[in-house]
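Below is one structure, written out as structure tokens, with a few remarks after it.
Every number in this text was worked out from the coordinates using simple rules, so none of it is lab data. Keep in mind it's a predicted model, so treat the numbers as computed, not measured. In this analysis, Cβ positions are derived from the backbone assuming ideal geometry, glycine residues included, and neighbour counts consider all displayed protein chains.
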Amino acid sequence: MIITIAGKELKALFSSPLAWIVLTLLQLILSFGFLKRLDDFMQIQPQLMQAPNPPGVTELVVVPVYATCAVIMLFAVPLLAMRLIAEERRNQTMVLLISAPLSMTEIILGKFAGLMVFLLLIVGITTLMPLALLAGGSLDFGLLASVIGGVALLAACFAAVALYASCLTAQPISAAIIAFSLLLGMLLTGETASDGLRERGWTVPAALAQVLSPLKNFESFAKGTLDSYSIACMVMLTVVFLILSIRRLDAARLG
Amino acid sequence: MTATTTEITVSAQGLLRRFGAHTVVDGVTLELKRGEILGFLGPNGAGKTTTMQMLTGNLAPSAGSITICGVDLLDKPSAAKAHIGYLPETPPLYRELTVGEYVDLAARLHRVPKGERQAAVGEALSSCGLAEVSKKLVGTLSKGYQQRVGIAQAIVHRPDLVILDEPTVGLDPNQIREIRNLIRTLGRDRSVILSTHILPEVESVCDRVVILHHGKTVFADTIDGLKKFHGGRIVHVGLRHPPAAGVLAAIPGVARVDTDGEHIFRLSFDDKADPTDALVRRAVEESWGLFQLVPAQTSVEEVFVQLTQKDEAAA
């Protein structure tokens, strides 16, 4: 049943121009950045060879591509997710889902899964670029896997927050604005709060504040260090916002 | 099927719904058996749509209980909703899908098994007259066709209870007749709840009528009961040589006299009185030339107006 709803969402995404525009722009920006960095890397490669234990192409070229992808997602996910619930409310099609023998959990998970498939597709086409480098050399596959996992988890966090924002209103544009404000607010407060609190030696509040900052958690993946606390933070953030979304739908029924 | 014809498909007890301090539905109770069509009437804002939203699980009641085919809607919403097909006031259509895709999606969402799905979709499309437009986009169809797509969505999983909120709005007279025939067909082996403003529609398709006013049930009976609502309290009398106007009104038990022209009089009686005998005796004794004496059949419209305006005056 979750698959049915996810399929419907994907179909709706691809029948609107938004998905194609996002994919095109993303590909343009990422490939431009990728080629620029690759060019720079080729130029400084002779100097790098003389240094002891030099950084490789994966660290200098591939990881920044995913970092750019993460930043673009920060803008793109609110737009891609805004329709999920808000538009169903505005067009009064939510009734079809609620009258069907589905639980609110299935509806939310289906919508989330549909968006995630699209976001993983973005991660997938981003990965084609580093894979192209295999034609002329080798990559640090451990680091590559770590950064792909990090970007996927980051996408899940963004998607859950944006889905929740879409549950709050019947206007898709308002949903996008709320989602973007929430994400940006979380990133800023989470990052500064966790750093500030840690400096004062308050480790527990600092650790809690870190949950709010998915981009900070992503950094450890980008270094190739699999930090279990970062993984836990991102999973936690996703689950919390999915639960909030389910509760929001239930609340609408109770009025 | 015959064994299940007396089965109760929906039973709602004391439904109450408040929005803030405002009570929209106040103690509505209804029960419907398989094979019955219930007409749901009431002025705008009487609470019809709210009641239907509660019956379909779109809105939780503030108090009261709902049982669908023996399953409690509030305890086991998914199991209960599987028995319901619902067409809300605004059909919940995805404009970017084709008619066939949309009805197929509705079937999937209602967990129609894979093997039966194609047949179920085909049947729903053909019974709503949509077979030839199944490849068109829902968004490009006319209002009448969109309404039919909404009905197809409500019946594709062959529910035991079909709830239609104003299904014939925006349709032309031919389409209205087709939809009415469809509703009659549905009503043979399922239950149908139908809300409408078109009163003759209720007379022509429904077995039972519930009239809501200010959230309360003001009338609940069969169509026959509705026609007898006045208990023969209105009589049309034809007199060739009518007496002076005051004479008829003076007969004990007669509440009001209206004239439709020179010879036909419409007599309303007091609540429990039956002055027919007295009337006939006087007519013979005084040679009024009685040629017609017909107890009026009450139309839904009369009952509706009477019940929903009486309250207004009192309020």
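How far is helix A:172-199 tilted, in degrees, relative to the longest principal axis of the Cα atoms in chain A, given as a value from 0 to 90 rounded to the nearest 10? Helix A:172-199 sits at roughly 50 degrees to that axis. Cα gyration tensor of the range A:1-52, axes a ≥ b ≥ c as square roots of the eigenvalues: rounded (a/c below 1.5), prolate (a/b > b/c) or oblate? Since a/c reaches 1.5 but b/c is at least a/b, the shape of the range A:1-52 is classed as oblate.
Measuring between their Cα centroids, the range B:246-293 and the range A:182-255 lie 85 Å from each other. log10 I(q)/I(0), Debye, Cα-only the range A:10-143, no solvent, q = 0.20 Å⁻¹? Taken in order of the listed q values, log10 I(q)/I(0) reads -1.15. Taking the inverse of the mean reciprocal distance over all distinct Cα pairs, the Kirkwood hydrodynamic radius of the range B:84-213 comes to 14.8 Å. Subtracting the Cα-Cα distance of residue B:255 and residue B:21 from 0.36 nm times their residue separation leaves 80.2 nm of extension gain.
In this structure, the residue pairs whose Cα-Cα separation is over 25 Å, taken from A:11/B:48; B:33/B:143; B:33/B:216; A:11/A:36, are A:11/B:48; B:33/B:143; A:11/A:36. What residue among A:159, A:86, A:232 has the largest mean-square fluctuation in a Gaussian network model of chain A, using Cα springs under 10 Å? Of the options given, A:232 has the highest mean-square fluctuation. Taking other Cβ atoms within 10 Å as a rough exposure proxy, A:218, A:14 sort from fewest to most as A:14, A:218.
Note on residue B:294 and residue A:105: with the Förster distance fixed at 60 Å, the Cβ-Cβ geometry gives a FRET efficiency of about 0.45.
Here the spin labels are modelled as points 7 Å beyond Cα on the Cα-Cβ line, and at residue B:116 and residue A:188 they lie 5.6 nm apart. For the range A:124-255, treating each Cα as an identical point scatterer without solvent, what Debye log10 I(q)/I(0) comes out at q = 0.18, 0.21 1/Å? Reported log10 I(q)/I(0), two decimals: -1.01, -1.17.
To the nearest ten degrees, helix B:300-314 and the longest principal axis of the Cα atoms of chain B are 80 degrees apart.
The magnitude of the dipole of chain A, with charges of +1 and -1 set on the Cβ of Lys/Arg and Asp/Glu and taken from the Cα centre, is near 660 debye.
A Cβ-based charge dipole, computed about the Cα centre of the range B:234-297 with Lys and Arg at +1 and Asp and Glu at -1, lands at about 40 debye.
Give the average, rounded to an integer, of partner chain Cβ atoms located within 10 angstrom of each Cβ in B:99-112.
Taking all residues of B:99-112 together, the mean is 3.
Ordering A:131, A:79, A:225 by the projection of their Cα atoms onto the charge dipole of chain A, which places +1 on the Cβ of Lys and Arg and -1 on the Cβ of Asp and Glu, puts A:79 at the extreme positive end. Distance between the modelled labels on residue B:177 and residue A:227, one decimal in nanometres: 7.5 nm (7 Å Cα→Cβ projection). The mean number of partner chain beta-carbon atoms within 10 angstrom of a residue's beta-carbon across peptide B:89-96 is 5. If R0 equals 22 Å, the separation of the Cβ atoms of residue A:131 and residue A:48 corresponds to a calculated FRET efficiency of about 0.50.
A prolate overall shape is assigned to the protein assembly as shown, the ratio a/c of its alpha-carbon gyration tensor axes (a ≥ b ≥ c) being 1.5 or greater and a/b exceeding b/c. Considering only beta bridges that DSSP places wholly inside chain B, some 70 percent are antiparallel. For the range B:182-274, the set of trypsin sites (Lys or Arg not before Pro) satisfying both a DSSP loop assignment and a count of at most 13 other C-beta atoms within 10 Å is given as B:240, B:272. The orientation-averaged projection of the convex hull spanning the C-alpha atoms of chain A amounts to 15.7 square nanometres. Using C-alpha pairs under 8 Å with a sequence gap of at least 6, the mean separation divided by the residue count of chain B gives a relative contact order of 19 percent.
Can you classify the range B:234-297 as rounded, prolate or oblate using the Cα gyration tensor, where a ≥ b ≥ c are the square roots of its eigenvalues, rounded means a/c under 1.5, and otherwise it's prolate if a/b beats b/c and oblate if not? Rounded, because the longest to shortest axis ratio a/c is under 1.5. Ranking A:184, A:170, A:212 by how far each Cα lies toward the positive end of the dipole of chain A (charges on Cβ) leaves A:170 at the top. The value for chain B of Rg(Cα) / (2.2 N^0.38 Å) is 1.22.
Protection proxy ranking of A:100-109, A:201-210, A:234-243, B:166-175, by the mean of other Cβ atoms within 10 Å over each peptide's residues and highest first, is A:100-109, A:234-243, B:166-175, A:201-210.
As a proxy for reagent exposure, A:11, B:76 were ordered by neighbouring Cβ count within 10 angstrom, fewest first; the result is B:76, A:11. Take each residue in A:98-111, count the other chain C-beta atoms within 10 Å of its C-beta, and the mean is 5.
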